[in-house]
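Since the structure comes first, as structure tokens, the remarks are kept for the end.
The values are calculated or read from the model by the stated rules, or taken from the named source; none is laboratory data. All values reported here derive from a predicted model rather than from experimental measurement. Here the Cβ positions follow ideal geometry from the backbone for every residue, glycine too, while neighbour counts run over all protein chains shown. For accessibility, only protein heavy atoms count, side chains too; no ligands or nucleic acids. Shrake-Rupley method; radii C 1.70, N 1.55, O 1.52, S 1.80 Å.
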Amino acid sequence: MQESLRKQCTDANVEFVRLLCVTNDGMIRGQAVNIDHLDSALESGIPLPKMTQSFNAIGYRVKDAQFDAVGEVQLIPDPTTFRVLPHEDRTAAVLCDLVEHSGKPWDADARSTTKQLVSEFECEGLAPTIAAEQEFHLYAEQANGDHEPYDPRGEYATASMRASRALILKMVDALKAQGIDVRKHHPEYTAGKNEIVVGHGDGIAPLDDAVFCRETIAGVAEQEGVAATFSPYPFDGATNGCHFHLSLWDNDKNIFAPSDNSAALSQRGRHFVGGVLEHMPALLALTSPTVNSFARLQPTKSVCAYNCWGVGNREAAVRVPEIRPENRTKATRIEFRPADNTANPYLAVLGLLAAGRDGIKRELDPGPPVNSDPETLDASTRDERGIERLPRSLGEAIAVLAADDVLTDALGETLTKSYLEIKRSQWHAFLDHADSWHREVYRARF
């Protein structure tokens with residue numbers, strides 16, 4: 001494997017290889033090793049301070065957190081994720097696990113923890129297949145601090161497709177050169193908003209690709225002098241999400257697929273959805289984990305603001321896409337909508353899988369699907385059907401996560417503690433600032 005990677009680097013004239021990870025705050029971090037020292041890095045990794053897990057998305061280390069200036073772990077490359085970056089000059093990258101010097105996976109590492117849960121699922125005959133849809137805004141900064149959308153209209157308009165065509169093609173070329181299966185692109189609801197949809201994959205591979213999608217889209221935009229943001233609420237009236245599509249498989253059998261064409265999901269699929277709805281308030285602390293995220297989760301915005309599920313319903317937190325009967329055995333899946341790219345994708349899916357598995361074990365019934373915008377239902381109907389508003393703040397979601405034994409058990413004690421520390425720090429920082437703070441800070445960071 002080392003010889004193959006070195007040859008790829010030699011053929012592409014690579015000078016530096018970036019060793020990357022995603023930390024609790026959702027930021028992509030790492031170090032770059034010179035090609036002359038690649039073999040050593042592949043064999044034994046390179047050190048990373050433990051305190052990186054105590055940085056928050058605002059950009060500072062949390063005071064009195066469990067990881068301070070003392071201690072380090074190793075960035076251990078996963079060779080299966082290695083790729084030359086076609087949009088970066090003489091640069092390659094590889095995703096890493098965080099490993100103690102003893103060789104044991106660090107129990108504060110999201111990627112390692114998620115791999116372990118996926119392995120447990122596979123042993124139970126519940127292998128997950130996942131896809132992540134990426135939404136982002138392209139814009140130009142103005143001298144007065146305002147912004148100008150890169151494409152003029154949004155709303156699936158061909159005018160926007162024409163305006164962004166050259167830049168989007170460069171992004172797609174760079175993604176495909178990395179082996180990422182690009183399925184489609186379209187301009188979204190607001191001017192400057194775009195969505196790139198990639199194919200599904202098994203295990204954590206699609207989450208690795210999601211990390212590289214973020215890096216690639218941002219990198220190509222920068223090279224073209226365009227600003228790109230994945231922030232959930234970057235401008236007034238504008239939102240970005242990261243929708244997770246998920247199904248579970250037992251060998252070649254999709255266990256979410258119904259045997260009856262009149263049903264949207266199998267019984268186990270329904271139970272999985274029941275678990276997701278049961279743990280939804282706590283899940284949001286993992287999938288929508290910034291103050292900015294909750295500005296996005298508003299009614300009647302095709303985003304979702306209520307804890308419910310529906311078939312083809314884009315205002316439901318869990319949507320079951322409508323599938324033609326002949327395709328149901330392969331394509332039946334759920335779409336989890338209240339997620340965005342301020343999340344660590346490994347933690348988001350870790351929580352989603354843990355919640356769904358709890359639903360299967362306890363045979364939780366999600367109730368009948370909601371077939372309309374829940375905001376249009378009167379309050380008594382929502383109460384009768386148990387359709388509750390999603391948490392309205394990061395502080396509320398953090399408190400629920402801290403009390404959710406299923407999700408905190410899946411994270412483990414160390415990861416739970418370090419994660420809650422940085423999220424509480426962000427919430428407290430927000431409380432000390434004006435309400436415009438979340439737009440400006442997260443737009444710059446993401």
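Restricting attention to region 1-8, does a residue exist that is touching a strand residue (DSSP E or B) at 6+ places or on another chain (Cβ under 9 Å), outside the structural domain of Leu394 (by the TED database), under 23 Å from Val220 (Cα atoms) and not β-branched (Val, Ile, Thr)?
Yes; the residues of region 1-8 include at least one that is touching a strand residue (DSSP E or B) at 6+ places or on another chain (Cβ under 9 Å), outside the structural domain of Leu394 (by the TED database), under 23 Å from Val220 (Cα atoms) and not β-branched (Val, Ile, Thr).
Looking only at region 293-320, which residues are part of a loop (DSSP other than H, G, I, E, B), touching a residue at least 40 places away in the same chain (Cβ under 8 Å) and not aliphatic (A, V, I, L, M)?
Within region 293-320, Pro299, Thr300, Lys301, Ser302, Cys304, Asn313, Glu315 qualify.
Testing Arg382 on (1) part of a helix (DSSP H, G or I); (2) under 13 Å from Ala285 (Cα atoms); (3) assigned by the TED database to the domain that holds Val273, one condition comes back false. Which one is that?
All conditions pass for Arg382, except number (2).
Return yes when Ala143 is surrounded by fewer than 21 Cβ atoms within 10 Å (Cβ to Cβ), assigned by the TED database to the domain that holds Asp236 and not aromatic (Phe, Trp, Tyr) and no when it is not.
Spelling it out, Ala143 is indeed surrounded by fewer than 21 Cβ atoms within 10 Å (Cβ to Cβ), assigned by the TED database to the domain that holds Asp236 and not aromatic (Phe, Trp, Tyr).
Can you tell me which residue among Ile196, Ile217, Ile180 is in a strand (DSSP E or B) and either crowded, with 22+ Cβ neighbours inside 10 Å or aliphatic (A, V, I, L, M) (or both)?
Exactly one of Ile196, Ile217, Ile180 is in a strand (DSSP E or B) and either crowded, with 22+ Cβ neighbours inside 10 Å or aliphatic (A, V, I, L, M) (or both), namely Ile196.
Tell me the residue from Arg362, Arg385, Arg333 that is touching a strand residue (DSSP E or B) at 6+ places or on another chain (Cβ under 7 Å) and open to solvent by 20 Å² or more (accessible area, probe 1.4 Å), please.
Of Arg362, Arg385, Arg333, the one residue that is touching a strand residue (DSSP E or B) at 6+ places or on another chain (Cβ under 7 Å) and open to solvent by 20 Å² or more (accessible area, probe 1.4 Å) is Arg333.
Tell me, please, whether a residue that is over 27 Å from Val22 (Cβ atoms) and either assigned to a strand (DSSP E or B) or within 17 Å of the chain's Cα centre (by Cα) (or both) can be found in region 241-251.
Checking region 241-251: at least one residue is over 27 Å from Val22 (Cβ atoms) and either assigned to a strand (DSSP E or B) or within 17 Å of the chain's Cα centre (by Cα) (or both).
Can you pull out the residues in region 412-426 that are in a helix (DSSP H, G or I) and not hydroxyl-bearing (Ser, Thr, Tyr)?
Within region 412-426, Glu413, Leu415, Lys417, Leu420, Glu421, Ile422, Lys423, Arg424, Gln426 qualify.
Report whether or not Leu207 is over 28 Å from Thr23 (Cβ atoms) and modelled with pLDDT of 95 or more.
Answer is no for this residue.
Among the residues in region 362-369, are any without any contact (Cβ under 8 Å) to a residue 40 or more places away in the chain, of a type outside the set (S, T, N, Q) and within 30 Å of Lys63 (Cβ to Cβ)?
Scanning region 362-369, I find no residue that is without any contact (Cβ under 8 Å) to a residue 40 or more places away in the chain, of a type outside the set (S, T, N, Q) and within 30 Å of Lys63 (Cβ to Cβ), so the answer is no.
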